[in-house]
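Asks: There's a structure below that I have some questions on.
Quick note: the coordinates plus some simple rules give every number you see, no bench work behind them. These numbers were taken from a predicted model, which means no experiment stands behind them. Neighbour counts are summed over all protein chains in view; Cβ atoms, including those assigned to glycine, are modelled from backbone coordinates with ideal geometry.
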Amino acid sequence: MGLKNTEAITLRTYPFREADRIVVFFTRTYGKLRGIARGARRLKSRFGSSLEPMSYVRVIFFAKENQELAVINSCDLLQSHAALRRTLEGSCHCARFAELLNEFSQEGEANDKIFRLFLAVLDLSPLLTWPARARYLETWLLRLEGVYPVFLNCGRCGHEFGKDTIHVRSGGHEALCRACSSSRDIPLTFSERQLVHEIFSRNITSIDWNCWNRQTLKNLGKLNSKLIQYHLEKTLKSDRFLKELDEC
Ligand SMILES: [Zn+2]
């Protein structure tokens, strides 16, 4: 079996042996991939900054069947996204995006829609704020996983929502009217639903994010975090850190 070549997004690394690192990538062709980058812990490593989270790279690797770890032959930067990691907020969000992609992806299962979604939210446009990138990413990721409900009628009684606040079940899939909902369901106002509609109908760079106030973005973030938590059956480590940063 020869060398394989694919585009990838670097997710995380951890030290391995004296001089190596294990790297986790989300590859365009092979889904999640774990491999050894030999010598990556050395000061002058040939891998340079290509192993930073959310780097867009071309990776060439060698993998034997039934072997858990691939051997990374080379990893070249296509887009470093380093500018996005220069602030504390930016590096925290990049770590969160990497954690989300790591949790939602499977080894050997490529998903081109998810791959393109992550590249889109890493667009270098200075007009995109972190809350905007995060809401776009989470909302689409949950939709592609089939978690987002349809917001037209109550899933129980069929009542048409109109401009009412709706109540989303904590596991997603279903939205209810007030009368059918319980206190555990998560409310979503008409304005928040309009933002979701906007996210599903436009590219991230063609949405006028200035139209959406901070509170609307924050409330949608709360719903998304609950749905992610329920879907993964755990809280993201980076969510706790970002919450602390937000409260500072
Ligand atoms: Zn109802």
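Asks: Write down the radius of gyration of segment 125-247 and its Dmax, each obtained from C-alpha positions, in Å.
Replies: Values for segment 125-247 (Cα only, Rg and Dmax): 14.4, 45 Å.
Asks: Let me ask you something else. What residue among S91, S238, S183 shows peak mean-square fluctuation when the chain is described by a Gaussian network model with Cα springs under 10 Å?
Replies: Ranking S91, S238, S183 by mean-square fluctuation puts S183 first.
Asks: Apply 1/(1 + (r/R0)^6) to the Cβ-Cβ distance of E18 and T87, taking R0 = 41 Å, and write down the FRET efficiency to the nearest 0.05.
Replies: Details: r = 33 Å, r/R0 = 0.81.
In this case the efficiency is close to 0.80.
Asks: With N set to the number of residues, divide the alpha-carbon radius of gyration of segment 3-85 by 2.2 N^0.38 Å and report two decimals. Intermediate values should be presented prior to the final figure.
Replies: Values: Rg = 11.7 Å, N = 83, 2.2 N^0.38 = 11.8 Å.
Segment 3-85 yields a ratio of 0.99.
Asks: Ok, one more. Rg(Cα) of segment 163-224 divided by 2.2 N^0.38 Å? Don't skip to the end; give the middle numbers.
Replies: Details: Rg = 12.4 Å, N = 62, 2.2 N^0.38 = 10.6 Å.
Normalised Cα radius of gyration, segment 163-224: 1.17.
Asks: Which residue, P126, P15, P187, tops the fluctuation ranking in a GNM of the chain built on C-alpha contacts under 10 Å?
Replies: Most flexible of the set in this elastic network: P126.
Asks: While we're here: Treating the beta-carbon of each Lys and Arg as +1 and of each Asp and Glu as -1, no other charges, what is the dipole magnitude of the chain about its Cα centre, to the nearest 20 debye?
Replies: Numbers: 37 positive and 28 negative charges, 108 e Å.
It comes to approximately 520 debye.
Asks: Still on this model: If the viscosity is 1.306 mPa s and the temperature 10 °C, what translational diffusion coefficient in µm²/s does Stokes-Einstein give for segment 188-248 when Rh comes from Kirkwood over Cα pairs?
Replies: Numbers: Rh = 13.0 Å.
The diffusion coefficient I find is 122 µm²/s.
Asks: Sticking with this one: What does the charge dipole of segment 3-85 about its Cα centre add up to, to the nearest 20 debye, if the Cβ of each Lys and Arg holds +1 and the Cβ of each Asp and Glu holds -1?
Replies: On the way: 15 positive and 7 negative charges, 32 e Å.
The calculation lands at about 160 debye.
Asks: Dividing the alpha-carbon Rg of segment 51-117 by 2.2 N^0.38 Å yields what?
Replies: Values: Rg = 13.7 Å, N = 67, 2.2 N^0.38 = 10.9 Å.
Here the Cα radius of gyration is 1.26 times the empirical estimate.
Asks: Quick one: of K4/K64; K113/K218; K113/K226; K222/K243; K4/K113; K64/K113, which pairs are farther than 18 Å apart, Cα to Cα?
Replies: Values: K4/K64 11 Å; K113/K218 25 Å; K113/K226 23 Å; K222/K243 11 Å; K4/K113 21 Å; K64/K113 27 Å.
Checking Cα-Cα distances, K113/K218; K113/K226; K4/K113; K64/K113 exceed 18 Å.
Asks: Over the Cα atoms of segment 69-161, what radius of gyration and what Dmax do you get, in Å?
Replies: Both quantities, over Cα of segment 69-161: 17.0, 58 Å.
Asks: Moving on to the next point. How would you rank L78, L142, L188, going from fewest to most other Cβ atoms within 10 Å of each one's own Cβ? Intermediate results must be reported in sequence, preceding the final value.
Replies: Values: L78 14, L142 18, L188 22.
Ordered from fewest to most neighbouring Cβ atoms within 10 Å, L78, L142, L188 come out as L78, L142, L188.
Asks: Please report F61, F16, F241 as a ranked list, fewest other C-beta atoms within 10 angstrom at the top and most at the bottom.
Replies: On the way: F61 24, F16 16, F241 13.
Lowest to highest Cβ neighbour count: F241, F16, F61.
Asks: Cut-off 10 angstrom, C-alpha nodes, Gaussian network model of the chain. Which of N153, N213, N66 fluctuates the most?
Replies: In this elastic network of the chain, the residue with the biggest mean-square fluctuation among N153, N213, N66 is N66.
Asks: Going by C-beta contacts inside 10 Å, put F200, F25 in order with the fewest on the left.
Replies: On the way: F200 12, F25 30.
The order, fewest Cβ neighbours first, is F200, F25.
Asks: How fast does the chain diffuse by Stokes-Einstein, in µm²/s, taking the Kirkwood radius from C-alpha pairs at 4 °C and 1.567 mPa s? Present the calculation step by step, with values, prior to reporting the outcome.
Replies: Details: Rh = 19.5 Å.
D, rounded to a whole number, is 67 µm²/s.
Asks: Measuring from centroid to centroid over Cα atoms, what is the spacing of segment 163-231 and segment 16-92 in Å?
Replies: So the separation of the two Cα centres works out to 34 Å.
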